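Input: a single structure, listed below in structure tokens.
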Amino acid sequence: MKQQGMLFAFLFFISIIASSQKTKEKAPDRLKDKQDIIASLNSKYDYYKEKAIKIWNYAEVGFKEVKRTALLQQTLKENGFTIQPGVAEIPTAFVASYGSGLPVIGILAEFDALPGMSQQAAPEKKSIEGKDAGQACGHHLFGVASVAAGIEIKKLIEQKKLSGTIRVYGCPAEEGGSGKVYMVRDGLFKDVDVVIHWHPDEHNAVTLASALANKSAKFRFKGIAAHASISPEKGRSALDAVEAMDNMVNMMREHIPQETRIHHIITNGGKAPNIVPDFAEAYYYVRHPQKEVVLNIFDRVVKAAQGAAMGTETEMEYEVIGGTHELLLNKTLADAMQKNLEMVGGVSYTPAEIDFGKKLQSTFNFTYPAIESAIEVKPLKTIAGGGQGSTDVGDVSYAVPTVGLEAATWIPGTPAHSWQAVACGGTDIGIKGMMLASKAMALTALDLFTTPTLITNAKEEFKKNIGDYQYKALLGGRKPALNYRD
Ligand SMILES: [Zn+2]
């Protein structure tokens, strides 16, 4: 009995030593690997800068990102990844993969530009001649940072320091095209354990804020053309129908939940005032923090369009263009990412960049933070009610536990979708934020590969959040809207 007790005590002692050695061994290794990743990415600054600036110059809009996707795919291929191009019936979408087995960690890479946002890398508003689109949401940085992070993890798998699979998802047409929704719908994330992403911003943060669910459509009205002055009674105006629809939707705003956002543009309002327009088109977005509310309000917008058609004796049809879920958050993963972002730290600027930034800030008609605040990493914050934008990452977050960060690629105060954002994205101000993001993502991926409990806990939280919800794309069964920018 006594001997047994001693044996037990001895085994217990051995196991404590073994486990403490294990943690002792693992922790410094991981720290060293993290430092190596940061050093490696620092040494690759010019390599990735060249790619990001090239993509900034290509400025292709959603689903038309032919040169951009080719450059990202080529970079991944040269670095040993296997590429599956043209996934989900989208010519510019791809999945790049390296390694085998579990875990499978995915990193999202976006790369589309915005129409009408052409702008030079200058501190005053000046478009680039012959160019329409511009990088007003920084997706050129998004794509390159994600590729860079993926390549760092690939190196560690190659060196047998990690085992598992790293994937980079080439995600086109985030801006209104809902590119990722088709990729989710096609099951491309089914076997993935965790997905990492980021977004360009004017600060460095991991924010636990959701996004608005969104459904968009183009409403097309057909009327009858006639001379607007000689025989107006023979015509039926499609533009009248668009205006009637807009009026009804504007009145509806008083009778919908407060957090709703509805916006529209008239994409076609006729060709000449002396012709009764026989065709007109309006492009609508409906957003709300809950997809169920979005679907309900969208149906009411359709009714307004039907009513407008009836009242103007025109014909109406609509095409759903996009639809995205709100973002499902994951605190477990956000905590891990926050630690890595803090380890990487913020962005500091040279005197020339500060000068550039101050010129940009002088064009703002609102109060803005000091330029120096880009050096800070904000504490992890939960924003109740969520963010005001929408993203197709929302649909990914309903398929797999997902985590993202924001990095300062724009001078503090810069709003997304502004000419100032395009300008910053074409300079080292943007590149510095891009490299910061790639480091924080690579470090977080490393944690996921080396800490199985992180994945288990994230999955448990994911399951609890999603409950019994069965995923259904808000845009239904339509094929990718490849020409939505035409
Ligand atoms: Zn964006």
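The values are calculated or read from the model by the stated rules, or taken from the named source; none is laboratory data. Everything numeric in this text was worked out from a predicted model, so none of it was measured. In this analysis, Cβ positions are derived from the backbone assuming ideal geometry, glycine residues included, and neighbour counts consider all displayed protein chains. Each accessible area value is taken on the protein alone, full model and side chains, heavy atoms only, with ligands, DNA and RNA left out. Shrake-Rupley method; radii C 1.70, N 1.55, O 1.52, S 1.80 Å.
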Completion exercise
Filtering segment 339-375 down to residues that are closer than 18 Å to MET434 by Cβ and part of a loop (DSSP other than H, G, I, E, B) yields GLY345, GLY346, VAL347, SER348, TYR349, THR350
Exercise for the section: For ALA374, state whether it is open to solvent by less than 40 Å² (accessible area, probe 1.4 Å), within 16 Å of the ligand (Cβ to nearest atom) and in contact with a His (Cβ under 8 Å, 6 or more places away or on another chain). Expected result: no
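So, in segment 115-144, of the ones that are of a type in the set (A, V, I, L, M, F, W, C) and surrounded by 24 or more Cβ atoms within 10 Å (Cβ to Cβ), which residue ends up farthest from the ligand (Cβ to nearest atom)?
VAL144
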Fill in the blank from the handout: Per the filter on segment 91-100, residues part of a loop (DSSP other than H, G, I, E, B) and either under 17 Å from the mean Cα position of the chain (by Cα) or within 16 Å of the ligand (Cβ to nearest atom) (or both) are THR92, ALA93
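Run down LYS154, LYS161, LYS190 and say which single residue is in contact with an Asp or Glu (Cβ under 9 Å, 6 or more places away or on another chain) and of a type outside the set (A, V, I, L, M, F, W, C). Full working, then the answer.
Numbers: LYS154 fails: in contact with an Asp or Glu (Cβ under 9 Å, 6 or more places away or on another chain); LYS190 fails: in contact with an Asp or Glu (Cβ under 9 Å, 6 or more places away or on another chain).
The unique qualifying residue is LYS161.
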Handout entry: Among the residues listed as VAL147, VAL206, the single one being more than 13 Å from the ligand (Cβ to nearest atom), surrounded by 23 or more Cβ atoms within 10 Å (Cβ to Cβ) and farther than 19 Å from LEU72 by Cα
Key = VAL206
Handout entry: Any pair with Cβ under 7 angstrom, 6 or more apart, that starts in segment 364-392 at a residue that is over 26 Å from SER216 (Cβ atoms) and ends at one that is among the polar types (S, T, N, Q) and open to solvent by 50 Å² or more (accessible area, probe 1.4 Å)
Key = ILE375/SER348
Exercise for the section: Could you please find all residues in segment 209-222 being under 30 Å from PRO273 (Cα atoms) and open to solvent by less than 20 Å² (accessible area, probe 1.4 Å)? Expected result: SER216, ALA217, LYS218, PHE219, PHE221
Fill in the blank from the handout: The correct count of residues that are open to solvent by 30 Å² or more (accessible area, probe 1.4 Å), in contact (Cβ under 8 Å) with a residue 12 or more places away in the chain and part of a helix (DSSP H, G or I) in segment 38-50 is 4
Fill in the blank from the handout: The number of residues in segment 308-329 that are under 30 Å from PRO232 (Cα atoms) and either open to solvent by less than 30 Å² (accessible area, probe 1.4 Å) or hydroxyl-bearing (Ser, Thr, Tyr) (or both) is 5
Exercise for the section: Considering every residue within segment 415-433, establish whether at least one is open to solvent by less than 40 Å² (accessible area, probe 1.4 Å), part of a loop (DSSP other than H, G, I, E, B), at pLDDT 95 or above and not β-branched (Val, Ile, Thr). Expected result: yes
Handout entry: Residue count for segment 170-191, restricted to those that are open to solvent by 10 Å² or more (accessible area, probe 1.4 Å) and either over 29 Å from PRO412 (Cβ atoms) or touching a Ser or Thr at 6+ places or on another chain (Cβ under 8 Å) (or both)
Key = 9
Handout entry: Tally, over segment 160-194, of residues that are more than 16 Å from the ligand (Cβ to nearest atom), touching a Leu at 6+ places or on another chain (Cβ under 8 Å) and aliphatic (A, V, I, L, M)
Key = 3
Practice task
Mind listing whichever residues of segment 193-203 are open to solvent by less than 20 Å² (accessible area, probe 1.4 Å) and either without any contact (Cβ under 8 Å) to a residue 40 or more places away in the chain or touching a Pro at 6+ places or on another chain (Cβ under 9 Å) (or both)?
Solution key: ASP193, VAL194, VAL195
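So how many residues does segment 385-414 have that are within 12 Å of the ligand (Cβ to nearest atom), part of a loop (DSSP other than H, G, I, E, B) and surrounded by fewer than 24 Cβ atoms within 10 Å (Cβ to Cβ)?
Qualifying residue count, segment 385-414: 2.
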Practice task
Select from segment 59-101 the residues that are without any contact (Cβ under 8 Å) to a residue 12 or more places away in the chain and either within 20 Å of LYS190 (Cα to Cα) or crowded, with 20+ Cβ neighbours inside 10 Å (or both) and list them in ascending order.
Solution key: GLY86
